[in-house]
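The values are calculated or read from the model by the stated rules, or taken from the named source; none is laboratory data. Small disclaimer: the values here were computed from a predicted structure and weren't measured. Neighbour counts are summed over all protein chains in view; Cβ atoms, including those assigned to glycine, are modelled from backbone coordinates with ideal geometry. Side chains are part of the model used for accessible areas, which takes the heavy atoms of the whole protein and leaves out ligands, DNA and RNA. Shrake-Rupley method; radii C 1.70, N 1.55, O 1.52, S 1.80 Å.
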Amino acid sequence: MSRDLDSPAPLSFEQVLAEEFRLLHPAEQPPAPADALRAHADAQHAALCFSGGGVRSASFNLGVLQGFAEAGILGTVDYLSTVSGGGYIGGWFSAWRLRARQRAEPEPCDQLTSGTEPPAVARLRELIKFLDPRTGWLGADTWTLGGTILRNLLVTWLLLMLITVVATRQSRRTGGGEVTLFSVAPRETIGN
């Protein structure tokens, strides 16, 4: 493939690091590309990583965001990395931060520590059903839980009945005395 003559030349890794440092620290003098790696190391950047796991991961990571905000740590995070279910909350949080800046609202890190639930979090809980499951006897979650418990009980009971039947048959074969489900041959000693 030939490169279009009008397109800019690709950036070096050092140039990308220098530009990234400039965006993370707009008040500071950006480093020369050759010094960008050292500048990043000296700045001691922090990252927050949200793992996957579907909707459970999303609700757990919302709690992590709230806990980090209350501990005063969330505002010091420079990078956010998400995978799968963690991307639900990571994307939502990034969009919330962007919209808050555009609307000249307080920083979400500050809103999360205000003592009351911010409107953005209340709206998320209201509209996203996987973060706020329906409760009560007629809710789907209650019936799912009940079905899961019933299924597990039936499987356990069937296995116990099977073991009882096998033990009873084995007892009848051996004359009704002792029940042996497993027999182990005696071990021969080495050297005899």
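Going by the structure shown, is Leu48 at negative phi, at pLDDT below 90 and among the hydrophobic types (A, V, I, L, M, F, W, C)?
The answer is no for Leu48.
Checking the structure you have, find out if any residue of the stretch 60-77 is surrounded by 18 or more Cβ atoms within 10 Å (Cβ to Cβ), free of Cβ contacts under 8 Å to residues at least 40 places away in the same chain and farther than 22 Å from Pro119 by Cβ.
no
Can you tell me which residues in the stretch 23-41 are open to solvent by 100 Å² or more (accessible area, probe 1.4 Å) and not in a loop (DSSP other than H, G, I, E, B)?
Leu23, Leu37, Arg38
In the stretch 90-104, how many residues are closer than 15 Å to Gly75 by Cβ and open to solvent by 30 Å² or more (accessible area, probe 1.4 Å)?
3
Take residues that are acidic (Asp, Glu) and tell me which of the helices (runs of 4 or more DSSP H) falling wholly in the stretch 78-131 contain 1 or more.
108-111, 119-127
In this structure, is Gly136 part of a loop (DSSP other than H, G, I, E, B), modelled with pLDDT under 80 and open to solvent by less than 60 Å² (accessible area, probe 1.4 Å)?
Judged against the criteria, Gly136 is a match.
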